[in-house]
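Quick notes on the structure that follows.
The values are calculated or read from the model by the stated rules, or taken from the named source; none is laboratory data. Only a predicted model underlies this, so the values are computations on that prediction, with no experimental measurement involved. Positions of Cβ are generated from backbone atoms using ideal geometry, with glycine treated the same way; all protein chains shown enter the neighbour counts.
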Amino acid sequence: MTPAVEIRRLTKTYGHKRALDRVDLRVEEGSIFGFLGPNGAGKTTTLRILTGLARPTKGTVRVLGHDVATADNAVRADIGFLPDVPGFYEWMTAEEFLRFAGGLFGIGRKVLDERTGVLLELAGLTDITTRIGGYSRGMKQRLGVAQALINAPSLLMLDEPTSALDPMGRKDVLDMLQSLRGRTTVFFSTHILADVERICDTVAILDHGRVVAQAPIDELKARYGAEKVVVEVGEGADELAAAIGAEPWAAKVERDTNDTIAVTVTDADAASRAIPAMVAARRLPLHRMEAGEMGLEEVFVQLVGGGQQ
Amino acid sequence: MSGFAAFVRKETTEILRTWRIWVLPGMLLMFAVTGPFLARYTPEIIGAVGGSQAAALLKAIPKPTYLDSYAQWAKNLTQIVLFAVIIIYGGLISSERKSGTAVLVLTKPVSRTAFVVAKALVHSLFLALAVVLGTLVTWGGTALVFGTAAGGPLWSSAMSWLAFGVLFISIMTLLSALLGSQAGAAGIGLGVFAIISVAGLWEPLTKYSPAGLANAPMVLAAGGESAILWPMVTSLVVSCVLVASAAWAFKTKEL
């Protein structure tokens, strides 16, 4: 199956600054793909290249099977795009803008009438007749999502679609994106981990212009979750935690309110051999010892470094 | 093609629904309405406020004719309206880049060439309509005030200026595709106007190049002769080349 997006060794430089550094990415058709990264990681640059607004310095970028360097109107007709700060003609109303956007795609009047109504409702702008110039940022963002869907795209690309929204608006947009699963490929960049965790099936993490991880979200959590060990003892948890903390393979030791110790380890093998021996040497009752699951946030922080967020 | 048509519709509606509908047509109509009256009554006004010395001076000046009204119109077009065109259209392309609207349009099935050509075309037609309307009003006003108003000098003058105005819309299209700053593009546009005006003093250029249109409207409006066929043809050809260059320049830009 042709991937919806395929990026190979993409490099983008601005003068001496390398915004993207040999990025490889593959977005399968029908997936909801979260493109995570701290501010300045290169997410917007990647999206600008994918939409033909900027050109790669090196590497190849294919969208819906076409090279973006030679992509024409036919490719753009199958794409929906929302930039991070969408710019609208402020003298238009939301309905006028959606009709204008539909007109650019050559959508017939009957279909356009229908879609405009549905999308205005989806964006919560049905009864708003004022001009876009008077809209709040959240209203503009919702209109931005609506206009990106006017052509029922095969590939929907969104740059930080929820960043300007209040909790209800965020939920509405995420629900809407989730409802597209299987029908439209959704590729969206964000730095909000909870959004990715909630609706994405695959995630890529970008840091300093490089993809540091790309995998289905469950696989990614399991992969990094194996680096965490949870130990529960009947008594003496404080002393055991202190002893574990002194070991070279223990990166971080956290104590729960009961007798549970969560250890982030750098060498899972060494930890799984040493911890039972340490429990036995202290004659402590071992209730549980298992690989813990890391949240996406922990995976993210581990991969890109906590100091950046 | 549907994208081009939709964008042309947008550009036209934008003229009708924003400040654009008031500025150029408003300026032209104001000059058109007041021009014939000013041409006819300026000597009387000067005489009334200038005292006996001015009255003696005015006796030596011939009585105003309808050609003075036309000259007034041509002077306003060449000296004020052209400057307004240069300043207004300094941001024709760059303002859409700055506001982010170009991004939403150009990620849809509209090529950058269509984007640039649609803008140059719509605004050239808009200028043509405004100039034709203003010239009609000047013509009618002149006939009303002077009792006679031959059409030839006025229309040949206005049409030669229109070709010059369209040339400047094309120049500003290119400059606004190249530069991000409206003020910067307008500054260079005024510089280009100064160069063309100076070039218009050299006869070979006046005969065949758009420089011939710099002074032609004034000469024609005064009832004089000026061979404008070649300058008009070359001006339209250069306009097309400038718009094509603007499309190429815009294509090479990253948004």
Counted residues, segment A:1-42 - those being farther than 17 Å from residue A:199 by Cα, within 19 Å of the chain's Cα centre (by Cα) and hydroxyl-bearing (Ser, Thr, Tyr) = 0
message = Based on this model, can you work out whether residue A:255 counts as touching a helix residue (DSSP H, G or I) at 6+ places or on another chain (Cβ under 7 Å) and not assigned by TED's automatic domain parsing to the domain that holds residue A:83?
response = yes
ask   = Out of the residues in segment B:182-229 that are exposed (fewer than 15 other Cβ atoms within 10 Å of the Cβ) and among the β-branched types (Val, Ile, Thr), which is farthest from residue B:157 (Cα to Cα)?
value = B:195
inquiry  = For the structure I just gave you, tell me whether residue B:53 is modelled with pLDDT under 95, more than 14 Å from chain A (Cβ to nearest Cβ) and under 15 Å from the mean Cα position of the chain (by Cα).
reply    = no
note = Per the filter on segment A:146-164, residues closer than 25 Å to residue A:92 by Cβ and under 16 Å from the mean Cα position of the chain (by Cα) are A:156, A:157, A:158, A:159, A:160, A:161, A:162, A:163, A:164
request  = Please specify each residue of segment B:72-89 satisfying the condition of being touching a residue at least 24 places away in the same chain (Cβ under 8 Å) and either farther than 12 Å from residue B:221 by Cβ or not in a helix (DSSP H, G or I) (or both).
outcome  = B:80, B:81, B:82, B:83, B:84, B:85, B:86, B:87, B:88, B:89
task = For segment A:76-96, name all the residues that are more than 9 Å from every other protein chain (Cβ to nearest Cβ) and either aromatic (Phe, Trp, Tyr) or not in a loop (DSSP other than H, G, I, E, B) (or both).
result = A:94, A:95
request  = From the list B:69, B:52, pick out the single residue that is assigned to a helix (DSSP H, G or I), under 25 Å from residue B:223 (Cα atoms) and hydroxyl-bearing (Ser, Thr, Tyr).
outcome  = B:69
remark   = Across segment A:200-213, the tally of residues that are in contact with a helix residue (DSSP H, G or I) (Cβ under 9 Å, 6 or more places away or on another chain) and crowded, with 20+ Cβ neighbours inside 10 Å stands at 6
request  = Go through segment A:50-70 and give me each residue that's outside any strand (DSSP E or B), more than 20 Å from residue A:149 (Cβ to Cβ) and more than 9 Å from chain B (Cβ to nearest Cβ).
outcome  = A:56, A:57, A:65, A:68, A:69, A:70
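Every residue, every condition in (1) surrounded by fewer than 20 Cβ atoms within 10 Å (Cβ to Cβ); (2) within 19 Å of residue A:86 (Cα to Cα); (3) more than 11 Å from chain A (Cβ to nearest Cβ), yes or no:
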residue	(1), (2), (3)
B:65	yes, no, yes
B:71	no, no, yes
B:85	no, no, yes
B:90	no, no, yes
B:104	no, yes, no
B:109	no, yes, no
B:114	no, no, no
task = Kindly indicate whether any position in segment A:22-29 is within 23 Å of residue A:190 (Cα to Cα), away from chain B (no Cβ under 12 Å) and assigned to a helix (DSSP H, G or I).
result = no
ask   = Any chance segment A:64-73 includes a residue that's surrounded by fewer than 24 Cβ atoms within 10 Å (Cβ to Cβ) and either in contact (Cβ under 8 Å) with a residue 40 or more places away in the chain or in contact with a Lys or Arg (Cβ under 6 Å, 6 or more places away or on another chain) (or both)?
value = yes
note = Every listed condition ((1) facing another protein chain (nearest Cβ under 9 Å); (2) closer than 30 Å to residue A:24 by Cα; (3) without any contact (Cβ under 8 Å) to a residue 24 or more places away in the chain; (4) not in a loop (DSSP other than H, G, I, E, B)) holds for residue A:103 save (2)
All positions within segment A:21-64 that are closer than 22 Å to residue A:216 by Cα, in contact with a helix residue (DSSP H, G or I) (Cβ under 9 Å, 6 or more places away or on another chain) and of a type outside the set (Val, Ile, Thr) = A:25, A:34, A:35, A:36, A:37, A:38, A:41, A:50, A:62, A:64
ask   = Can you name the helices (runs of 4 or more DSSP H) wholly within segment B:150-230 that have at least 1 residues being among the polar types (S, T, N, Q)?
value = B:151-178, B:182-199, B:203-208
note = Picking from B:98, B:108, B:119, the residue that is within 30 Å of residue A:77 (Cα to Cα), of a type outside the set (Asp, Glu) and not in a helix (DSSP H, G or I) would be B:108
query = Do you know which residues across segment A:213-241 are at pLDDT 85 or above and farther than 23 Å from residue A:263 by Cβ?
reply = A:214, A:215, A:216
inquiry  = I need a count of the residues in segment B:7-38 that are in a helix (DSSP H, G or I), without any contact (Cβ under 8 Å) to a residue 12 or more places away in the chain and within 12 Å of chain A (Cβ to nearest Cβ).
reply    = 7
request  = Within segment B:7-26, count every residue that is within 24 Å of residue B:161 (Cβ to Cβ), crowded, with 17+ Cβ neighbours inside 10 Å and aliphatic (A, V, I, L, M).
outcome  = 2
Number of the exception - residue A:108 against (1) within 14 Å of chain B (Cβ to nearest Cβ); (2) surrounded by fewer than 22 Cβ atoms within 10 Å (Cβ to Cβ); (3) closer than 30 Å to residue A:3 by Cβ; (4) at pLDDT below 95 = (3)
